[in-house]
Amino acid sequence: MQRYFVAAEQFSDNGIRLVGEDAHHAFRVMRTKPGDKFIVSDGQSRTALVAVIEASSTLVTAEIMEMLHADSEPGWAITIAQSLPKGDKMELVIQKGTEIGAYAFVPFQSERMVVQYDAKKEAKRIDRWSKIAKEAAEQAHRSRIPTLEAVHSWRELIQSIAAYDLVLFCYEREGHAAHGRGVRTAVQEWINSTDLIRAPKVLLIVGSEGGFTDREAAEAEAAGAVLVGLGRRILRTETAGIVGLTCLLYESGEMGGA
């Protein structure tokens, strides 16, 4: 069933309104007509099954048939910090990461970035990324749209590490080393050494096409991150975050792991 995210003010006591692109999509693409049903969410606490009353390309009004219990969000709030990749690779990270269950995304600058950072261009790209996250959240029947933060400098990213309960820094040397630590080992060590809280905040840091320098790895570790590998194979930057996120959700029990 089609799902839309709406602003809180588009909810009333017994009805909702779709406006803008959502109304256009419902009317022009989905051919919505009176009596049709779909699901709406305010991305916070309210999710409802609604039935259409009137529909046009600029406004769709619907009455609430049933308030639904939203339970599609993972127990762990996992943020993917992705060093800016070239081309449209970030779009793939956001789309698939949202489908899988990422809580938020933090694009950042690192030393071996291939792309040239342009603040004006990135602002426009963030608008597009936000739209991709919204559409992916609707497709995956998420209860909320992942947060997409502004591009961080390396120093800003390092300073943010203290705000998380667990931070994993994906570093290919850990994957190649015989004694290297993987995601499962790091997570189990963390679980065994702490009183596991509800909805822990986890940060997964992924490098760009050029990977990380030894200095960056040392700075991240000194700030509290755990260096981990994602296996002995070299993953593309747009693959690493998706793999790491899936591993973390499995270890959290989200996919039948723990």
(request) Would you check which residues across segment 59-78 are outside any strand (DSSP E or B) and either over 25 Å from the mean Cα position of the chain (by Cα) or surrounded by 19 or more Cβ atoms within 10 Å (Cβ to Cβ) (or both) and list them? (result) P74, W76
(request) Would you check which residues across segment 248-257 are out of contact with any Asp or Glu (no Cβ under 9 Å at 6 or more places or on another chain) and either crowded, with 22+ Cβ neighbours inside 10 Å or not in a helix (DSSP H, G or I) (or both) and list them? (result) S252, G253, E254, M255, G256
(message) If I ask for residues that are outside any strand (DSSP E or B) and within 14 Å of E63 (Cα to Cα), which ones from segment 7-18 would you list?
(response) Q10, S12, D13, N14
(request) Being touching a Phe, Trp or Tyr at 6+ places or on another chain (Cβ under 6 Å), without any contact (Cβ under 8 Å) to a residue 60 or more places away in the chain and part of a strand (DSSP E or B) is the filter here, so list the residues in segment 19-55 that pass it. (result) V40, A55
(request) Return the only residue of K134, K121 being part of a helix (DSSP H, G or I) and loosely packed, with under 13 Cβ neighbours inside 10 Å. (result) K121
(request) Restrict the check to segment 233-247 and report whether at least one residue is touching an Asp or Glu at 6+ places or on another chain (Cβ under 8 Å), at pLDDT 90 or above and surrounded by 15 or more Cβ atoms within 10 Å (Cβ to Cβ). (result) yes
(request) Look at R215 and say whether it is basic (K, R), modelled with pLDDT of 95 or more and either under 21 Å from P85 (Cβ atoms) or more than 16 Å from the chain's Cα centre (by Cα) (or both). (result) yes
(message) List the helices (runs of 4 or more DSSP H) inside segment 154-238, counting only whole elements, that have at least 3 residues being of a type in the set (A, V, I, L, M) and assigned by TED's automatic domain parsing to the domain that holds A104.
(response) 183-193, 214-222
(request) Please work out if K86 is out of contact with any Phe, Trp or Tyr (no Cβ under 8 Å at 6 or more places or on another chain), outside any strand (DSSP E or B), in contact (Cβ under 8 Å) with a residue 12 or more places away in the chain and under 24 Å from M1 (Cα atoms). (result) no
(request) Tell me, yes or no, whether segment 100-122 has at least one residue that is over 24 Å from E221 (Cα atoms) and of a type in the set (K, R). (result) yes
(request) Please determine, by comparing only the residues of segment 9-38 that are surrounded by fewer than 16 Cβ atoms within 10 Å (Cβ to Cβ), aliphatic (A, V, I, L, M) and touching a strand residue (DSSP E or B) at 6+ places or on another chain (Cβ under 9 Å), which one is nearest to E138 (Cα to Cα). (result) M30
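The values are calculated or read from the model by the stated rules, or taken from the named source; none is laboratory data. This one's a predicted model, so the numbers in the text were calculated from it and none came from an experiment. Glycine gets a Cβ as well: all are built from the backbone with ideal geometry, and neighbour counts include every protein chain shown.
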